[in-house]
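Beneath this line is the structure, given in structure tokens, with notes to follow.
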Protein chains: 2
Amino acid sequence: MGVDCHHTESAHPGLEGVALADAVAAAVNKCERTRERLTPPRRRVLELLLEADGPMKAYDLIAAYGHDGEPAKPPTVYRALDFLERLGFAHRIESLNAYVPCRMEGTSHRAAFLICECCGAAQEFEPDFAPQFAAAESAGYAVRTVTLEARGLCPACKVEA
Amino acid sequence: MGVDCHHTESAHPGLEGVALADAVAAAVNKCERTRERLTPPRRRVLELLLEADGPMKAYDLIAAYGHDGEPAKPPTVYRALDFLERLGFAHRIESLNAYVPCRMEGTSHRAAFLICECCGAAQEFEPDFAPQFAAAESAGYAVRTVTLEARGLCPACKVEA
DNA sequence: GCAAAACTGTTATGAAATAACATAACTAAA
DNA sequence: TTTAGTTATGTTATTTCATAACAGTTTTGC
């Protein structure tokens, strides 16, 4: 994926400057309201996700972690990712082994992505799972989290192919 | 998952005897009709998936591969899994790094699972993605495959919890 | 037959994630 | 404001998951 593709990932360009600062501030505020601790490593990993143009691999985050070029130790980043996922600030994209910042409101533990197999872009969207899980829950299942990953070609890559 | 759970995985008990032979024969027939080759390693991995009581990890398959206890080499199993997925005989469950035989008709490249976080059972079900992807496709996306993974508690584990 | 394609066997390595344990920082109750 | 409990971090090492690369074999179509 992405190897034979000249497109830039465009679904969610990375944040910088004021936009980045605003996004981080919003996370800080939300944590303060809920008495959660957005500690330095957690905040740093969130920044890296927000700055990125597309899904980030854990070891990309590890390599980019230090402002001075020093990598993080793996557990530092994996723990921060656990926290960010738990609070709904980030999602893991299972089929890519990669992570993105959440683009949707709230902490719904429901995430859905359209993933381009050419350029690697991942577009988050708001799914409607209600009909599926009415059935599941009436059969006795207690659904806690749901992830949906649709793979294919984004509009730009589809044109070229 | 499964560690603190006394339940047996019950969603799809492993096949044996005639049922197993029938399932394998159905795969053989389907391959003959489509001129695909269900070679010995592919068939062996399919058998192992069908015999299992729940999702199998790749290295579980590797360890169980030889009838004499000899493990397979990793590429042998991963190649067989690629084939089985491509033909719709098996699905990878991304959030478990594990594999199950397909329980549904056809080769739709659409799979949906209810995964119990207590006992590890994975129940395949037939989703209705139509409304989601009408929107995606009208926005220019060409969707190729879809996977949905819902995590929570199955009826048996929910009762105990 | 012969060449191309598909498949297998094998060695080695790369990528992703966590176990385990020591230390430090918050929090709240006595 | 000590102290106990909890939560988070730092660090080393290891485990788990997956693929690259290449040689050799079988199948398929011309």
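Starting from the label point of A:ALA63 at 7 Å along Cα→Cβ, the same points in the other copies fall at 3.3 nm, in ascending order. Listed by chain and number, the aspartates and glutamates whose C-alpha is less than 20 Å from the C-alpha of B:LYS73, apart from same-chain residues fewer than 8 away, are B:GLU47, B:ASP60, B:ASP82, B:GLU85. Look at where the Cα atoms of region B:103-130 and of region A:44-64 average out, and the two centres are 31 Å apart. Distance between the pseudo-spin-label points of A:VAL24 and A:VAL159 (7 Å out from Cα toward the beta carbon): 3.5 nm.
Distances from B:ALA135 to itself in the other copies, using label points 7 Å out along the Cα-Cβ axis, amount to 2.0 nm in increasing order. Partner aspartates and glutamates whose Cα lies under 15 Å from the Cα of A:LYS158, excluding those fewer than 8 positions away in the same chain, are identified as A:ASP4, A:GLU9, A:GLU117, B:GLU137.
Can you say what percent of the DSSP beta bridges in the protein assembly as shown, counting only those with both residues inside, are antiparallel? Round to 5. Here the antiparallel bridges make up roughly 70 percent for the protein assembly as shown.
Of the residues B:CYS116, B:CYS31, B:CYS102, the one that moves most in a GNM of chain B with alpha-carbon contacts below 10 Å is B:CYS31.
Between chain B and chain A, roughly 2600 Å² of accessible surface gets buried, counting both sides and using a 1.4 Å probe. When the trypsin sites (Lys or Arg not before Pro) in region B:62-161 are filtered for DSSP coil states and for at most 16 other beta-carbon atoms within 10 Å of their beta-carbon, the remaining sites are B:ARG103. Taking 0.36 nm per residue of separation and subtracting the Cα-Cα distance, full extension of the segment from B:ARG86 to B:ALA134 would add 14.9 nm. Each label was represented as a point 7 Å from its Cα along the Cα-to-Cβ direction; for B:ALA63 and A:ARG103 these points are 4.1 nm apart.
Can you give me the % of accessible surface on region A:48-128 that is carbon or sulfur? Probe 1.4 Å, all protein chains present, nothing else counted.
Carbon with sulfur: 48 percent of the solvent-accessible area.
Put +1 on the Cβ of every Lys and Arg and -1 on every Asp and Glu Cβ in the protein assembly as shown; which of B:ALA150, A:GLY120, A:PRO41 then has its Cα farthest towards the positive end of the dipole? It is A:PRO41, whose Cα lies furthest towards the positive end. Chain A holds its axis-closest Cβ, relative to the rotation onto B, at the residue and whole-Å distance A:GLU94, 2. For the pair A:ALA142 and B:GLU126, label points projected 7 Å from Cα toward Cβ lie 3.0 nm apart.
The values are calculated or read from the model by the stated rules, or taken from the named source; none is laboratory data. As the structure is a prediction and not an experimental result, all values here were calculated from the model. Using ideal geometry, Cβ is built from the backbone for each residue, glycine included, and neighbour counts are taken over all protein chains shown. With ligands, DNA and RNA removed, areas are computed over all heavy atoms of the protein, side chains included. Shrake-Rupley method; radii C 1.70, N 1.55, O 1.52, S 1.80 Å.
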